[in-house]
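Have a look at the structure below before the remarks.
The values are calculated or read from the model by the stated rules, or taken from the named source; none is laboratory data. Bear in mind that the values here come from a model prediction, so they are computed numbers and not experimental data. Note that we place each Cβ from the backbone using ideal geometry, even for glycine, and neighbour counts take in every protein chain shown. All accessible areas refer to the heavy atoms of the entire protein, side chains included, with ligands and DNA or RNA removed. Shrake-Rupley method; radii C 1.70, N 1.55, O 1.52, S 1.80 Å.
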Amino acid sequence: MTDSKFHSGIDYALSILQDQWQPTLIFWLGFRSLTLDELHQLVPKLAGDELKAELARLQNLRIANPVKDTENCYSLTADGTDFRQLMISLSMWGKQQMNDDEDKVSPLIVEPETDAKLSELIKYNKFLREYINYDE
């Protein structure tokens with residue numbers, strides 16, 4: 001699902017991550033196919049029509065689908081599984097950062113690329129927009 005309100009892939013991904021229920025449902029659906037009742041047990045604050053609406057949104061995003069030959073059972077698509085892996089990686093990174101001392105200064109110093117000309121960056125940005133449908 002592409003939407004013109006997104007200016008980049010990160011905007012699109014963040015819109016999913018910032019949703020109230022979608023990350024939680026993606027997390028649980030990554031373990032195995034789950035019925036509506038099972039999902040309700042795992043996410044008790046989300047039931048009935050709300051749960052069905054969230055699953056429909058995930059279907060529109062090509063993240064989850066009903067399992068064929070199974071009534072009211074849902075699983076992640078290949079894209080959904082990929083997205084879940086990114087969520088897990090972000091979660092692990094965040095947990096590591098939370099465990100670090102807050103006042104600790106990184107020993108790594110990142111040197112900026114001083115010879116990158118703005119015209120080259122603009123050209124690269126144009127390439128990215130065309131190559132990865134950045135504007136769509």
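Note on I88 and S8: the extension gain reaches 26.7 nm, defined as 0.36 nm multiplied by sequence separation minus the Cα-Cα distance. Across the range 1-47, counting alpha-carbon atoms alone, Rg and Dmax equal 13.2, 37 Å. When D69, D82, D49, D11 are compared by accessible area at a 1.4 angstrom probe, the order from most to least is D69, D49, D82, D11.
Measuring only protein heavy atoms, the 1.4 Å probe finds Y12 accessible over about 50 Å².
On the basis of the beta-carbon distance and an R0 of 22 Å, H40 and Q20 show a calculated FRET efficiency of 0.90. Between N65 and L118, the C-beta separation translates, for a Förster distance of 35 Å, into a calculated FRET efficiency of about 0.20. Taking amide H positions as modeled 1.01 Å from N, with prolines and chain starts lacking one, the residues under 5 Å from T35 and 5 or more places away or on another chain are Y74.
Of the three principal axes defined by the Cα atoms of the range 4-80, the extents in descending order read 37, 26, 20 Å.
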